[in-house]
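The values are calculated or read from the model by the stated rules, or taken from the named source; none is laboratory data. Computed from a prediction, not measured in an experiment: that's the story for all the values here. Cβ coordinates were reconstructed from backbone atoms using ideal geometry, including for glycine residues, and neighbour counts include every protein chain displayed. The accessibility values were calculated without ligands, DNA or RNA, using every heavy atom of the protein model including side chains. Shrake-Rupley method; radii C 1.70, N 1.55, O 1.52, S 1.80 Å.
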Amino acid sequence: MSDVQSPLKLAERPQGIDGIKIVPSTVRIGAEIFGVDLNQMLSDAVIEVIREALMTYQVIFFRDQPLTHESHKAFGRRFGELFIHNGVAGIQGHPEIVAIHADANSKYIAGDNWHSDLTMNPQPPMGSILYLHTLPEVGGDTLWASMYAAYDALSDRMKAHVEKLTALHDGEHVYRPIINDPTKTYPCSAHPVVRVHPVTGRKALFVNPSYTTRIVELPKPESDALLAYLHQHCQDPNFQVRFRWRPHSVAFWDNRCTQHFAIYDYYPHVRSGFRVTIAGDTPIGA
Ligand code: SIN
């Protein structure tokens, strides 16, 4: 694989800003952060270290953080306005928090297909922070894939082709079957197939098999074939990190340059927690 920027750069610099330690999980994506208590009011300097780590590693993990709803929201708000989910209702008293819960009676499992969150919106969320308090003894891991790495690994010819394209991202087929409300409508938005990250300036593939239905500029058979190829390409394990949750772990991902997949391999056991989502901006093409 060529041309992949190493995320080890940040880890090589002196550690210990306010006692923080950052341990990369792979060379392309993911890092675990130690020495931070997310239930505390964090200093601007600590938030900056976390923000920089997120920009570099794309998904960051914290252990042993028994988050209250208030701390969860307060931590999220340090990175932007919280986004109200337009598919799933928030929990009582906290419209910004959605429950992520599965047990033996669940009819729907959140996130058990590759996706970035809510890309059907004209301004998809910048990121999400997931806190899980209850985990099965085994199973229930989540995979994240770097869409920078997926873009970087394409041939120059394919890069040039897909950079000129836009794709439709539709919420209708995702939420209609799980939310029994005929009065609701779900957005459908066109986004560039290659997105330039507004902070890092790096290019990322921005199509996912959950929401993306069609490449606008191509006839349907070509659109279907190209999307099938891109979806398969994005699922290359070389672009991935796999996170083994423990009770009270937190994952914070950048939705603009990653996809994720919550593995449902723990039926009939319980996996449960809460997610906040941070508002984002209009995706800009290459
Ligand atoms: C999600 O898609 O936000 C759920 C991820 C997970 O449950 O691991």
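Under the simplified labelling scheme, the Arg244-His269 pair shows an inter-label distance of 1.2 nm, with each label point 7 Å from Cα along Cα→Cβ. Residue-normalised convex hull volume from the C-alpha trace of the chain: 127 Å³ per residue. GNM on the chain, alpha-carbon springs under 10 angstrom: the most fluctuating residue among Pro182, Pro136, Pro24 is Pro182.
For the stretch 109-227, with all protein chains in place and a probe radius of 1.4 Å, 55% of the accessible heavy-atom surface sits on carbon or sulfur.
With all protein chains kept in place, the per residue accessible area of the chain amounts to 44 square angstrom at a probe of 1.4 angstrom. Mind checking which lysines have their C-alpha under 25 Å from Lys164, skipping anything on the same chain fewer than 8 residues away? Cross-link targets: Lys203, Lys220. Were the residues from Met41 through Lys107 laid out at 0.36 nm apart, the gain over their Cα-Cα distance would be 20.0 nm. If I model a spin label as a point 7 Å beyond the Cα along the Cα-Cβ vector, how far apart are those points for His173 and Val199 in nm? My value for the distance between the label points is 3.2 nm. Shown are Glu163, Glu217, whose ranking by accessible area with a 1.4 Å probe and every protein chain present, most to least, is Glu217, Glu163. Hydrodynamic estimate: the Kirkwood radius of the stretch 95-246 over Cα pairs, inserted into Stokes-Einstein at 25 °C and 0.890 mPa s, corresponds to D of 144 µm²/s. Comparing mean-square fluctuations of Asp44, Asp236, Asp152 from a GNM of the chain with C-alpha springs under 10 Å, the top value falls on Asp44.
Using only the C-alpha atoms, the convex hull of the stretch 164-268 corresponds to 174 Å³ per residue. Per the Cα gyration tensor, the stretch 223-275 maps to an equivalent ellipsoid with semi-axes of 27, 15, 11 Å, ordered largest to smallest.
Check cross-link reach from Lys73 to the lysines: straight Cα distance under 23 Å, and skip same-chain residues fewer than eight apart. Those lysines meeting the cut-off do not exist here.
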